[in-house]
Ligand code: NAD
């Protein structure tokens, strides 16, 4: 089957959706004439076609890298490998990256890349050759560069592809001491950072935790209490979905009652044990037949099942005007980029569904990518200088307590006092702080400005204000 025929029509308007939301948010601001058009416009897109000799023939691949906003450099955004990707989609995703970085105060502009390929059709060594050639083509034109444009993983790519990109770039520019910072999401043994693989899912968890710290917001959604016991349906079981589901069940006692992947939906009233599902899928190639679960052949139908929270974590355009009113969740956390079309967004908001928008909810990945980039530029692991000092201080405090009280400090307390923070602790702390601060900035705008109707518009307002300030301060006309 031609996979493109499977694209619903609404996909064509992904960029339209992003721009319409932008326009609504910009209309609530008093910006100098023309500035919002400049912020909204995609600055440049590079389309490349390149041949790779595979299985005795030349195959031509098509890829894109869009640079949306360069108010801060480098620009940042993932590279996806998918059999359905096009220039418009990459431009829409690049725009979202500009807004996302501004919302979570990460000093990057927005970019995104895509390669039209079904990775499942290729062997690992073939994918490596394709990735190296794609890197070479993009780097030639500065669409990969530690100071100008830094990709990261997205759908269909992960640490393995990022390691190939870094190595290809280093080979091309051996004199660049910062070459390793040309891409983030690398394996930890090759300059990556602990906590990056889990970061986007972890960020979704932190976003939901922060939402539930505000009883007024929870009440507005028609819910009460904490995340504990909340029934969640998640679409996707890839990097983002798996980690979000795992942390929400293990650390917040939420229940994942539905999982939807490309093969269909799986419902389990008593809640899935996420690592058992992952192990089952590894063994059987699919979640179908997982004990105590019901299979729903048409995956999108399972989005409409009973739950408190829905986490679309797969693809864009999944909730449209066609199915929006049948969605039962009170809260939707957009882990994927653009899973709700603009028309569906209006219908959902009108019926009181609270939406944690993608530009905020899935910003964990780029936040930790920022930490990785800083680590690569500083050429030192976070925590390396202070670790033993932390331990020594802890010992001194414990010793002082013993001297003052003439009692032995219990071993468990001494252990806690002398524990030094490592890279993962610092990354999680920085990510948690980022997600909390950003949510509070967004809700402040929502609560203080009568013309701002929802969290998504508020998030865009926050982004546009920050980008506008940056443009105006740097002097646009020069
Ligand atoms: P992934 O490739 O690891 O997983 C994608 C998942 O989507 C898979 O489980 C697949 O089965 C599922 N899927 C594909 N087609 C589907 C369909 N038609 N119906 C239901 N499920 C389907 O990708 P990922 O990295 O987890 O990314 C998921 C989403 O999160 C994307 O929108 C991506 O842009 C966004 N995102 C990812 C990151 C990141 O760090 N990886 C960061 C920010 C946003």
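The protection proxy used here, the mean number of other Cβ atoms lying within 10 Å of each residue, ranks peptides 458-466, 22-30 as follows, highest first: 458-466, 22-30. As a calculated quantity, the FRET efficiency between residue 49 and residue 374 at R0 = 35 Å, using C-beta atoms, amounts to about 0.50.
Packing here is the average count of other Cβ atoms within 10 Å per residue, and on that basis the peptides 117-124, 152-159, highest first, run 152-159, 117-124. The distance between label points at residue 58 and residue 226 comes to 6.3 nm (points 7 Å beyond Cα on the Cα→Cβ vector). Relative to the 2.2 N^0.38 Å rule of thumb, the range 176-233 has a C-alpha radius of gyration ratio of 1.74. Entry for the chain at q = 0.09, 0.10, 0.12, 0.13 Å⁻¹: log10 I(q)/I(0) = -0.62, -0.77, -1.09, -1.26, Debye formula applied to identical alpha-carbon scatterers, no solvent contribution. With each label modelled as a point 7 angstrom along the Cα→C-beta vector, the residue 263-residue 83 pair spans 1.6 nm. Share of pairwise Cα-Cα distances greater than 21 Å in the range 44-190 is 38 percent (whole percent). The calculated 222 nm mean residue ellipticity attributable to helices in the chain amounts to -14500 deg cm²/dmol, summing -39500 (n - 2.57) over DSSP H runs of n ≥ 4 and dividing by all residues. Equivalent ellipsoid of the range 119-185: semi-axes from √(5λ) of the C-alpha gyration tensor, largest first, are 20, 12, 10 Å.
As a length-normalised measure over Cα pairs under 8 Å and 6 or more apart, the relative contact order of the chain settles at 16 percent. Using 0.36 nm per residue and subtracting the Cα-Cα separation, the extra length available between residue 250 and residue 436 on full extension is 64.9 nm. Between residue 448 and residue 278, residue separation times 0.36 nm minus the direct Cα-Cα distance comes to 56.8 nm. Could you tell me what percent of the DSSP beta bridges with both partners in the range 44-190 are antiparallel, to the nearest 5? Counting only bridges with both partners in the range 44-190, antiparallel ones make up about 60 percent. The protection proxy used here, the mean number of other Cβ atoms lying within 10 Å of each residue, ranks peptides 304-310, 285-291 as follows, highest first: 304-310, 285-291.
Residue separation of residue 385 and residue 418 scaled by 0.36 nm, minus their Cα-Cα distance, works out to 10.3 nm of gained length. Summarising the strand pairing of the chain, around 50 percent of its internal DSSP beta bridges are antiparallel. Remark: spin-label model distance residue 473-residue 123 equals 5.3 nm, labels positioned 7 Å along the Cα→Cβ axis.
Each reported figure results from applying straightforward, stated rules to the coordinates on display, with no laboratory input. Everything quoted here is computed from the prediction, not taken from an experiment. Quick reminder, even Gly has a Cβ in these numbers, built from the backbone with ideal geometry, and neighbours come from all protein chains shown.
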